[in-house]
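One structure is given below, encoded as structure tokens.
The values are calculated or read from the model by the stated rules, or taken from the named source; none is laboratory data. Computed from a predicted model, the values in this text were never measured in an experiment. No Cβ is skipped: glycine too gets one built from the backbone with ideal geometry, and neighbour counts run over all protein chains shown. The area values use the complete protein model at the heavy-atom level, side chains included, leaving out ligands, DNA and RNA. Shrake-Rupley method; radii C 1.70, N 1.55, O 1.52, S 1.80 Å.
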Amino acid sequence: MLNIVLFGPPGSGKGTQSEKIIDKFGLTHFSTGDMLRAELAAETELGLKARSIMEKGELVSDEIIIGMIRNKISGEAEAKGFIFDGFPRTVAQAEALDVLLEELGMKIDVMLGLEVERQELIERLLKRGQDQGRADDNLETIENRIKVYEDQTSPVMGYYDTQGKYRGVNGLGSIDEIYERLTGIIGAL
Ligand code: B4P
């Protein structure tokens, strides 16, 4: 079993790379951003609660996120492993994930951190905003998402580094180049 956390600021390529990695290693993909957008599209109670938070670029509460992951994991007894994309985004989420995985007799093997500078993040997300019209890909929200990342999410790196599990990866270059860097590390685990 192989469990990976794919980490990085908004726009660093987590979603993009996860899609490619799951194919190669047969992992199950957990993107909390995708899960929340699905709730939003289905206009569930949770989705309606999350909408305004996401539009401002703030974080949805740890309680909601942890509950969502707990529900999904318990239905995946046959999985070969997981890739967590956009989760954990706070130290409280990381601690809760460790507890949950331990209950299931599993653990995180590695956190791969995509390292991308601020201006590049803004350009990528503005471009996606133009191409796909995602409500949170506008300049004001992007800047807040980056600030929220710096304040609340970046400490998660230290959490895994202390456990000897953090591996930083240069997130600049073509999508295929970055994919080669990531799969090189995963393949050697
Ligand atoms: P997410 O859906 O996780 O969105 P994201 O961090 O902005 O990154 P994403 O994965 O979509 O983009 P990617 O880097 O792949 O979160 C959205 C919101 O949901 C959050 O703001 C929050 O409100 C909420 N949320 C989600 N998880 C939560 C949690 N755990 N706790 C609390 N709240 C949570 O790619 C971005 C763009 O870059 C794409 O257009 C891509 O094509 C492009 N790109 C990728 N790689 C590139 C490359 N190498 N070169 C050029 N462009 C590239």
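Can you report the number of residues in the range 140-173 which are touching a strand residue (DSSP E or B) at 6+ places or on another chain (Cβ under 9 Å) and of a type in the set (K, R)?
Residues that pass the stated criteria total 2.
If you go through the range 65-75 one residue at a time, how many are away from the ligand (no atom under 12 Å from the Cβ) and at pLDDT 90 or above? First the steps, then the outcome.
Filtering the range 65-75 for residues away from the ligand (no atom under 12 Å from the Cβ) gives 70-75.
Checking which are at pLDDT 90 or above leaves us with 70-73.
The total comes to 4.
Check the range 141-149 and report whether any residue there is open to solvent by 70 Å² or more (accessible area, probe 1.4 Å), within 13 Å of the ligand (Cβ to nearest atom) and farther than 18 Å from L6 by Cβ.
First, the residues of the range 141-149 that are open to solvent by 70 Å² or more (accessible area, probe 1.4 Å): 143, 147.
Subsequent filtering for residues that are within 13 Å of the ligand (Cβ to nearest atom) retains 143, 147.
If we keep only those that are farther than 18 Å from L6 by Cβ too, we end up with 143, 147.
Yes; the residues of the range 141-149 include at least one that is open to solvent by 70 Å² or more (accessible area, probe 1.4 Å), within 13 Å of the ligand (Cβ to nearest atom) and farther than 18 Å from L6 by Cβ.
Residue check: is E55 open to solvent by 80 Å² or more (accessible area, probe 1.4 Å) and in contact (Cβ under 8 Å) with a residue 12 or more places away in the chain?
Yes; evaluated as a whole, the condition is true for this residue.
Going by the structure shown, is I22 away from the ligand (no atom under 13 Å from the Cβ), under 17 Å from the mean Cα position of the chain (by Cα) and not charged (D, E, K, R)? Before the answer, list the steps.
Details: away from the ligand (no atom under 13 Å from the Cβ): yes; under 17 Å from the mean Cα position of the chain (by Cα): yes; not charged (D, E, K, R): yes.
Yes; evaluated as a whole, the condition is true for this residue.
Restricting the search to the range 58-78, which residues are touching a strand residue (DSSP E or B) at 6+ places or on another chain (Cβ under 7 Å) and surrounded by 15 or more Cβ atoms within 10 Å (Cβ to Cβ)? Steps first, answer last, please.
We begin by selecting, within the range 58-78, every residue touching a strand residue (DSSP E or B) at 6+ places or on another chain (Cβ under 7 Å); these are 69, 72, 76.
Correct list: I69 only.
Can you find, within the range 25-45, the residue that is nearest to the ligand (Cβ to nearest atom) among those that are aliphatic (A, V, I, L, M) and crowded, with 18+ Cβ neighbours inside 10 Å? Even if it seems obvious, please write down each step before you answer.
Of all residues in the range 25-45, those aliphatic (A, V, I, L, M) come to 27, 35-36, 38, 40-42.
From what is left, the residues that are crowded, with 18+ Cβ neighbours inside 10 Å are 27, 35-36, 40.
Details: L27: 16, M35: 8, L36: 5, L40: 10 Å.
So the residue we want is L36.
Consider E39 against the criteria (1) touching a helix residue (DSSP H, G or I) at 6+ places or on another chain (Cβ under 8 Å); (2) acidic (D, E); (3) part of a loop (DSSP other than H, G, I, E, B): it satisfies all of them except one. Which criterion is unmet?
(3)
Given the conditions (1) open to solvent by less than 80 Å² (accessible area, probe 1.4 Å); (2) near the ligand (Cβ under 10 Å from one of its atoms), which single one is not true for K127?
Result: K127 passes all but (1).
Against the conditions (1) buried (at least 18 other Cβ atoms within 10 Å of the Cβ); (2) more than 10 Å from the ligand (Cβ to nearest atom); (3) under 22 Å from Q17 (Cβ atoms), where does A96 fall short? Just the number, please.
Here A96 meets the rest and fails (3).
Would you check which residues across the range 157-189 are under 24 Å from K20 (Cα atoms) and β-branched (V, I, T) and list them? If you could, list the steps in order and put the result at the bottom.
Filtering the range 157-189 down to residues under 24 Å from K20 (Cα atoms) leaves 157, 160, 165-189.
Of everything in the range 157-189, those that are under 24 Å from K20 (Cα atoms) and β-branched (V, I, T) turn out to be V169, I175, I178, T183, I185, I186.
Please specify each residue of the range 1-19 satisfying the condition of being more than 12 Å from the ligand (Cβ to nearest atom) and either crowded, with 23+ Cβ neighbours inside 10 Å or of a type in the set (G, A, S) (or both). Spell out the reasoning first.
Our first condition is that a residue be more than 12 Å from the ligand (Cβ to nearest atom); within the range 1-19, this holds for 1-4.
Listed by number, the list holds a single entry, I4.
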